[in-house]
1. When the dipole is taken about the Cα centre of the chain, and only Lys, Arg (+1) and Asp, Glu (-1) are charged at their Cβ, what size is it in debye, to the nearest 20?
2. Please give the helix 15-30 orientation as an angle from the longest Cα principal axis of the chain, in degrees from 0 to 90, rounded to the nearest 10.
3. Fewest Cβ neighbours within 10 Å first, please rank Tyr34, Tyr74 accordingly.
4. Choose one answer from Asp35, Asp133, Asp52: the residue with the largest mean-square fluctuation in a GNM of the chain with alpha-carbon springs under 10 Å.
5. So how do Met118, Met1 line up by other beta-carbon neighbours within 10 Å, fewest first?
6. Round to the nearest 10 and give me the degree value, 0 to 90, for the angle of helix 109-120's Cα axis relative to the longest principal axis of the chain.
7. Run the Debye formula on the Cα coordinates of the chain, all scatterers equal and no solvent, and tell me log10 I(q)/I(0) at q = 0.08, 0.13, 0.14, 0.19 1/Å.
8. If you line up the long axis of helix 47-59 against the longest principal axis of the chain, both from Cα atoms, how many degrees apart are they, to the nearest 10?
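Please treat every number below as a calculation from the coordinates, not as lab data. Just so it is clear, the model here is predicted, and its values are computed rather than measured. Note that we place each Cβ from the backbone using ideal geometry, even for glycine, and neighbour counts take in every protein chain shown.
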Amino acid sequence: MPVVRGKDIEVLFSASAIARRNLELAKEIAGRDYDDLLVISVLKGSFVFAADLIRALHDTGLSPEVEFIFISSYGAGTTSGEVRVLRDIDNEVAGRDVLLIDDILESGKTLKYTRDLMLSRGAKSVSIAVLLDKHTRRQTELSADFVGFECPDSFVVGYGMDVGHAFRELPFVGVVKGDA
Ligand code: IMP
Ligand code: MG
């Protein structure tokens, strides 16, 4: 078991398993025949996944525009979840196919808010790609169009995801054993 910052980390999804899955996801996305694709990475957690997925998309021949939206969701997993845009995109979305990329779909509040925002701006379509789906935690009707892996109901870190600003740099997704 890897030890990082003095903590044992149980590997759930290895770097090689994620890389293989990203290639499959890119093929699924390319199969949708999007017209004018605008990829929006939902920060912070999705930055590593988005970086890998857009390069896998390139290998399929897709050349999307790429943007970043910084969303904060306080207590998103709870009923009090409040979602806010901390930094917006500055692209035109009207009439375009938007693909939102996020790390985890949990309650669905973050992505529902972001999807509805893009639809209100006139997006032709809004699709969702997430690395991990914690479907047992859902509190909205939202589902993702493209899912890397079903995720057990544990708090995960790595591959862009943090606990207390730590562990984003891990090349794999894991669970911190003991007290994080
Ligand atoms: P939702 O609005 O409940 O779907 O919240 C999903 C967001 O919560 C994700 O984009 C992550 O930023 C964060 N999140 C949920 N579960 C985890 C986890 O296990 N590790 C790290 N971040 C998480
Ligand atoms: Mg997030």
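1. Values: 21 positive and 28 negative charges, 73 e Å.
Approximately 360 debye in magnitude.
2. Once rounded, the angle reads 10 degrees.
3. Values: Tyr34 19, Tyr74 10.
Listing Tyr34, Tyr74 from fewest to most nearby Cβ atoms yields Tyr74, Tyr34.
4. Result: Asp35 has the largest fluctuation of those listed.
5. Details: Met118 21, Met1 9.
Arranged by neighbour count, lowest to highest, Met118, Met1 become Met1, Met118.
6. Compared with the principal axis, the helix lies near 10 degrees.
7. With one equal scatterer per Cα and no solvent, log10 I(q)/I(0) is -0.24, -0.63, -0.74, -1.33.
8. Long axis of 47-59 versus the principal axis of the chain: about 50 degrees.
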